[in-house]
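Just so you know, all these numbers are worked out from the coordinates, no wet-lab data involved. Being a predicted model, the structure only gives us computed values, none of them experimental. As a convention, Cβ positions derive from the backbone with ideal geometry for all residues, glycine included, and neighbour counts pool all protein chains shown.
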Amino acid sequence: MKDRLPSPFFLLLQETGALAERRHVRVHAVGGFVRDLLLGIPNLDLDLVVEGDGIRFAKAVARRYQARVTTHERFGTVVVTFADGHTFDVATARTESYDSPAALPTVQRSSIKQDVRRRDFTINTLAIRLNTPRFGELVDSHGGRRDLQDKTIRVLHGLSFIDDPTRVFRAIRYEQRLGFQLDWNTAVLMTEAVRMGLVHRLSPSRLSAELLHVLSEREPVKTLARLADFNLLQFIHPRLKWSSGLAQLLNAVEKAVAWHAGLSLGRLTSPWVVYGMALLDPLPQPVVQETLARLTFPRRQAQSLLWVSQENARLLPTVTRTVKPSETFRALCHLPDETLVFLRAKTRSARAKQNISDMFTVYRRVRPILTGNDLKAMGLKPGPSYNKILNRLLDARLNGAVETEADEHRLVHRLAKRC
């Protein structure tokens, strides 16, 4: 930890362990933080498990650092938010039982060894003691370190996917993200869970959350292909099938997203949406509408997915045919970046690709020199004509018809006579 963590973060862990010792509770770092620490992957997303009253301990940490707490009493969990915006989760060590497949669990207090037994895969059962006398000691009760070394994804027990079918998605995400392989028995249990249709029992919100996680992976195309291997795309919609055409489009999206990142324009707000557009592209528009009505994606992104399904067949030929920069600008100026990146991936037209590239790199930066205040100073009466004139000025500048402020003045005088 001392070698791989920032010094302030390491100090926070030490001080938290010392506080736990003074309050007579035992605290452990658990889960993905520990897994990634051992793999050498940067990860400051800290989860703590407390043998004792986790909520009370989290509040003591918050007082120590003047942080805020958000409490979830039912599950005995707390989110601690520090002044710099960094957060970590604190939970009371617990066991979980499931009344039925895919149901939310019933929770009871327990020890760290019982707590890790409820987790999904052995590589996520590892814990690190933080209390002062044994600070930094690894707790490995399920062979998690061995499976990390063997690059294996393994469930803890045979009912794992029955208890929580979302684990089939997580197994594939971890496998592809980490470059691991599914244990043979784990793969058999996943296949059986899919055959039994257990994923159908998930609520729309839980299924949507898993799909969003898949689309947000660093390499979602590989993950989606692996989902198809296990026939999991059917749970998005029965008509959604893996094909060479879908694979080709998803790979084109991957390149287009990388292309956008290379423009130094900042990251896409929601890159997962671009992959979602490609994934839904083979489906007829009414099926896309039906699918999005069932899923619970954020509203703005869902609207973008639906709009692309409805409009991309009309818009792409338009962008291919546009000759003047102003025509391209008017066709594309109201579209989110994610939509433009998808259209660039989908089109096979070199002209359309160039037009979309120019939209990002050139056209959006073009502005007339004159403003509404200048029009007023020229004696033009404020009103709807201002927008018309300024739009014509922008078109002229995009098309290279005006270059100087004097050119714009002359154009305004001509336009004013017609308005």
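Just a few scattered comments:
- Contact order normalised by residue count of the chain, Cα under 8 Å, 6+ apart, percent: 9 percent
- Convex hull per residue volume in Å³, alpha carbons only, for the chain: 193 Å³
- Arg26 long-range amide H proximity, modeled H, under 5 Å: Glu51
- Sorted by Cβ density within 10 Å, fewest first, the residues Met378, Met277, Met190, Met1: Met378, Met1, Met190, Met277
- Dipole magnitude (debye, nearest 20) for the chain, charges at Cβ of Lys, Arg, Asp, Glu: 1160 debye
- Value at 222 nm in deg cm²/dmol, rounded to 500, when DSSP H runs of n ≥ 4 in the chain each add -39,500 (n - 2.57): -16500 deg cm²/dmol
- Fluctuation leader among Pro384, Pro325, Pro282 - the chain, Gaussian network, Cα springs under 10 angstrom: Pro384
- Shape category assigned to region 7-150 from the gyration tensor of Cα positions, a/c cut at 1.5: oblate
- Taking the centroid of alpha carbons for each part, region 1-54 and region 213-273 are 34 Å apart.
- GNM on the chain, alpha-carbon springs under 10 angstrom: the most fluctuating residue among Ser216, Ser208, Ser385 is Ser385.
- Lysine pairs with alpha-carbon atoms under 16 Å apart, the chain, spacing 8 or more or separate chains: 9
- Given +1 at the Cβ of Lys and Arg, -1 at the Cβ of Asp and Glu and no other charges, the dipole of region 372-418 around its Cα centre is 360 debye to the nearest 20.
- Springs join every pair of Cα atoms under 10 Å in this Gaussian network model of the chain, and among Leu12, Leu178, Leu212 the largest mean-square fluctuation is at Leu12.
- Neighbour counting of Cβ atoms within 10 Å sorts the residues Trp259, Trp184, fewest neighbours leading, into Trp184, Trp259.
- Long-range amide H partners of Ala127 with built H, under 5 Å: Val139
- Ascending count of other beta-carbon atoms within 10 Å, so fewest first, for His142, His334, His413, His86: His334, His413, His86, His142
- Arg321-Thr404 FRET efficiency (beta carbon distance; Förster radius 25 Å; 0.05 resolution): 0.20
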